[in-house]
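Below is one structure, written out as structure tokens, with a few remarks after it.
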Amino acid sequence: MSAQLAPEDVLTDEGYAVVATAEDLHVTFRRNGKAIHALRGISLEIRRGEILGLVGESGSGKSVLGLTLLGLHGAGATISGRATVRGRDMVSATDAERRAVRVAHLGAVFQDPMTSLNPTMRVGRQVAEAAGSDEEALRLLRLVGVPEAESRMSAFPHELSGGLRQRVMIAMAVAGNPDLVIADEPTTALDVTVQAQVLRLLRTLRDELGCSVLMITHDLGVAAQIADRVAVMYAGRLAELGESDAVLRSSAHPYTLGLMRSRLTLGVDRTRALPALPGEVPSPAAPQPGCAFSPRCSVAGPDCAETSPEPVEVEPGHHSACLRPLAVVRSTDTVSPVALTARAEPAGIDQDTAALSLRSVVKTFGVGKGFGRKRTLHALRGVSLQVAQGESVALVGESGSGKSTLLRVAAGLETADSGEVELSGGSRPQMVFQDSGASLTPWMTVEQILGERVRDLGRAARAAKVREALSLVGLPAEVGAARATQLSGGQRQRVCLARATIVPPPVLLCDEPTSALDVSLAASVINLIARLRRELGMSVLFVTHDLSVARVVADRIAVMYLGQIVEIGASDRVTSAPLHPYTRSLVSAVPDVGLTPVILPGEPASPLNPPSGCAFHPRCADATESCQDTELGLRLQRVANDDVDRVACINIDLSHVPTPVYITPKGA
Amino acid sequence: MTQVRFVGQRFAAMVIIVLALAAAVFALQKMSPLDPVHARLGGQASQGAIAAERHALGLDRPIVTQFGHYLAGLVHGDLGDSYRTRRPVTTDLLAYVPATAELAATGLIIALVLAIAFAFASTLRVRGAGLFRLGLMLGASVPTFLLGVFGILLFYQHFGWLPASGRTSIGNAPTGPTHLLTLDGLLHGRPDVTWDALKHLLMPATAIALGPAVAIGRVLRSSLEGELSSDYVRTARAKGRSERQILLGHVVRNAVGAAVSMTGLQVGLMFAGVLVVEQVFGWPGLGLYIAESIPVADFPAIAGVTLLLGSAYVVINAAVDVIQAAADPRIRV
């Protein structure tokens, strides 16, 4: 954490201490005929030179606050209160004035750098639009660490990697030395190792340029990593505001406390169900009087449902909007305990009872159109994996690692080019996808969707089965009559799980089922998957990019890099004592409160052209010359005298004589 | 290298389409109950004359040989002789094509201008855009020939502003080098000819343009509106660019793709519209030519027109691909 800038220190310089403010800001807009109360009276200030982390779940209004400060709230919004930038109210300003403020004082970085850059304009021109000249654009691209900036000036966005695209966005944001950069989830679409690089870049730029940053994020770990102060929003209001350490380590608001407890880190107790916040975020279409968090709060009293609390200073510089005294909030376990049942004992990995067994699976895709121009994408380059009955295995890796392809091969949605896929029992595995909304047919009711899988039952038996499946995933029977669009994200993911388990499959395949969900919902879905697995005796193969999720859901973790497993072992061992250099950097890149990440340079190489030898060697700090040996196939070696832990690195001194388990065919 | 391959692919496609069209027209000719010899010689011809004519036309040879002969002619640009005019079909086509080309090109230009005006007016919520849209939709919903007839009644009969038929009213209009009267008039220093030709063009060209204008305009409008709410436009606004700079500098290039492919499709339909409209306005083009060829089963002529329009369609769609690739760097031809 860098030194705090006290307001009085900077007042002298150019005469301002506060870059931007929100003053009793209300923003309401109409969507589908309903009034959405996005912001309901929020006041805060962004100090000069500080990084303010704006944290909240979806629907909390954090992005709306950012857009209102940019003056990009759109014509349909009803706004009261003020949102000032360098003293200029962006709410009442004319379009021309807003543009002038944006040019002179503001920069913006948005979530998805692919869609946020114009796909048909060269990046040099896009940066120059903000920078004023090509020379300045080039200087900025160098400043944000774009390698070979001259040649990249004439590249189109699709020719750059995700990390480079976000660097280009940042170059545009800091063009013209803005006083405030508004960064709306700038790392959410990036891989975790790239996220660490981008966060460090934003901090460095703040230190060098002296601009303030409003860092909007749903990830408390990201906020902890980068922010000087943190503001927590809930249902369009400010819940808590203070120094990062104070807010995240000694939270004063029951909501922040709940978030911190349900948050998945590499340190949570994985033998118990996760303490998920009960209930869901209230709908911004129908705000209730009183404290919006009170229905989910364990210390709420009857007064909470009537009086809307204003933020008060509970400690110096630390504000919390809660009617209960600080001592009461902190002393109580504010999270209603969801049954803390012990997890199923990890099953022994018995090759004979493998529910799913993959041997030397190779899968390539042809990309590009036309004749003779196809390039080969090496999605899986010889993967072997056994999942025992009742076991849960997580596949972890960055984009392009092949983890989702492996899942689709296991599901039978893709056919392997070579290798074997064996499922015990013969009944098909079921899949749960990341985007629960898109994977439910919009015009069918939940009952019809679930009923499809038990079509041969009679009418009454089918209805009973559907009710049973819904109650198993904790949904009331009324949900059966609803369509997917009428459900919340958490409910939809539960429906997807009910569809997958209405006829219990031997293997449940999960493709990032929690990554689109908010922290509190993700925890409850993970708990649900663990319970279903135990009650139905299923094996689970779980794909995620998030090591802390993998650690909680899985008995074993397999780490993939460019189509190969580089390390596999017991979840605790892989996350606490990683062996492979890639796993080590993944573990250290997970942002968390009070941790300084070790930053891995570069980005994953393209699966169109995987490096020779160990594919990780171009990014590996320990790489030796022999790592790039083209003759070297990847060998997963036993770490110790057991069959669980294996790693593929020639530089690790394994105390036992390594026994090569299998060798991938060269060039496969 | 990729350009060479692209041209090669398109040329191959054209060859295949022409072959398929030729085979189809040829088969149609053989299945038709109409007898070209009968059509040429009339009902009173003697058996000997008929046999001699059959031999002269090559109709007494095996069908495969006839088709092979026809294809061999195609390679040399020989489409055979028209039964009706007794001239080489190629000569006839060269005489009729300029009129049709001029009409179709003018129609396309009018369609594009109307479509762009329509799309931008509704995207920018210009006053009167709704009325403009209503007028266009009304015009497009009326069949082309009826539109032509209404036009003639109104602008020729009633107001007398525009001529009702033909390409020109000037007797000594210059011919060549392009055979397009609007251009030839300029090239020969005769603006009166160009002006007169434009007046003749306006009604028939507008009649064929209204339908395509609505189709292209709607596609362009929806892509403009879609692009205007996209993330990169938000980025451009955050940079402080003006709406004008955003629309012209960012949005248009991203929005043209769908409109260009719609234009390619509409040009195909426009050919059909041209053939009808030429009847209504007595336009001396391919429509008139084929309308006179069909009743007398003049298959060489029908085949010639069919092959020409088919090839034009392939060329236009290749142009569509080139324009799209130029607009969007993610597409490579």
(Q) Test of understanding: in a Gaussian network model of chain B with alpha carbons linked when under 10 Å, which of B:ILE316, B:ILE170, B:ILE17 would top the mean-square fluctuation ranking? (A) B:ILE170
Q. What's the carbon and sulfur percent of the protein assembly as shown's accessible surface, probe 1.4 angstrom, rounded to a whole number?
A. 58 percent
**Q.** Solvent-accessible area per residue for region A:439-503 (1.4 angstrom probe, square angstrom)
**A.** 49 Å²
Q: Let me have the relative contact order for region B:89-327, percent, based on Cα pairs under 8 Å that are six or more residues apart.
A: 29 percent
**Q.** Computed magnitude of the charge dipole of the protein assembly as shown (debye, nearest 20; Cβ of K, R +1, Cβ of D, E -1)
**A.** 2060 debye
Q. Just the accessible area per residue of region A:253-331, please: how many Å² with a 1.4 Å probe?
A. 46 Å²
Q: Quick one, could you list the DSSP H helices from chain B stretching 20 Å or more along their long axis (Cα atoms) with average Kyte-Doolittle hydropathy of -0.5 or above?
A: B:2-31, B:89-123, B:191-228, B:252-280, B:299-327
Q: State to the nearest 20 debye the size of the charge dipole of region A:132-283 about its Cα centre, where the only charges are +1 on K and R beta carbons and -1 on D and E beta carbons.
A: 560 debye
Q: May I ask for the distance between the Cα centers of region A:582-624 and region B:218-257, given as a whole number of Å?
A: 38 Å
Q: Would you mind giving the mean number of other chain beta-carbons within 10 Å of the Cβ of each residue in A:110-118, as a whole number?
A: 5
Q) For B:LYS30, which aspartates and glutamates qualify as cross-link partners when the Cα separation must be under 14 Å and same-chain residues fewer than eight apart are set aside? A) B:ASP60, B:ASP298
Q: Can you list which of the trypsin sites (Lys or Arg not before Pro) found in region A:441-549 are DSSP loop residues with at most 10 other C-beta atoms within 10 Å?
A: A:ARG455
(Q) Could you tell me the relative contact order of region A:253-331? Use alpha-carbon pairs under 8 Å, at least six residues apart, and round to a whole percent. (A) 27 percent
Q.
Averaged over its residues, how many other protein chain Cβ atoms are within 10 Å of peptide B:237-250's Cβ atoms?
A. 6
**Q.** Centre separation in Å (Cα based) which lies between region B:157-200 and region B:49-97
**A.** 34 Å
Q. Semi-axes of the protein assembly as shown's equivalent ellipsoid from the Cα gyration tensor, sqrt of 5 times each eigenvalue, largest first, rounded to whole Å?
A. 64, 39, 29
Q. Which is the longest stretch in chain A that no exposed loop site breaks, taking sites as chymotrypsin sites (Phe, Trp or Tyr not before Pro) with a DSSP loop state and at most 11 other Cβ atoms within 10 Å?
A. A:1-370
Q | Part-to-part distance (alpha-carbon centres) for region A:252-314 and region A:484-518, which is given in Å | A | 24 Å
Q: Mind checking A:54-63 for the average number of partner chain beta-carbons within 10 Å of each residue's beta-carbon?
A: 0
Q: Over 22 Å between C-alpha atoms is what I'm after, so list which of A:LYS34/A:LYS62; A:LYS62/B:LYS239; A:LYS62/A:LYS403 land there.
A: A:LYS62/A:LYS403
Q: Enumerate the helices in chain A for which the Kyte-Doolittle hydropathy averages 0.5 or more and the C-alpha atoms extend at least 24 Å along the helix's axis, using complete DSSP H runs.
A: A:519-536
Q | Over chain A, relative contact order from alpha-carbon pairs under 8 Å, at least 6 apart, % | A | 12 percent
(Q) Given the options B:GLN44, B:THR106, A:THR485, identify the residue whose Cα lies farthest towards the positive end of the charge dipole of the protein assembly as shown (+1 on Cβ of Lys, Arg; -1 on Cβ of Asp, Glu). (A) B:GLN44
(Q) If I model chain B as equal point scatterers sitting on the Cα atoms and use the Debye formula, what is log10 I(q)/I(0) at q = 0.07, 0.16 Å⁻¹? (A) -0.39, -1.36
Q. Across chain A, where is the longest run that never hits GluC sites (Glu not before Pro) in a DSSP loop with at most 14 other C-beta atoms within 10 Å?
A. A:307-630
Q.
If the only charges are +1 at each Lys and Arg Cβ and -1 at each Asp and Glu Cβ, what is the size of the charge dipole of region A:439-503 around the Cα centre, to the nearest 20 debye?
A. 60 debye
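The values are calculated or read from the model by the stated rules, or taken from the named source; none is laboratory data. Here the structure is a predicted model, which means the values were calculated and not measured. Glycine gets a Cβ as well: all are built from the backbone with ideal geometry, and neighbour counts include every protein chain shown. To get the accessible areas, we keep the full protein, side chains included, count just its heavy atoms, and leave off ligands, DNA and RNA. Shrake-Rupley method; radii C 1.70, N 1.55, O 1.52, S 1.80 Å.
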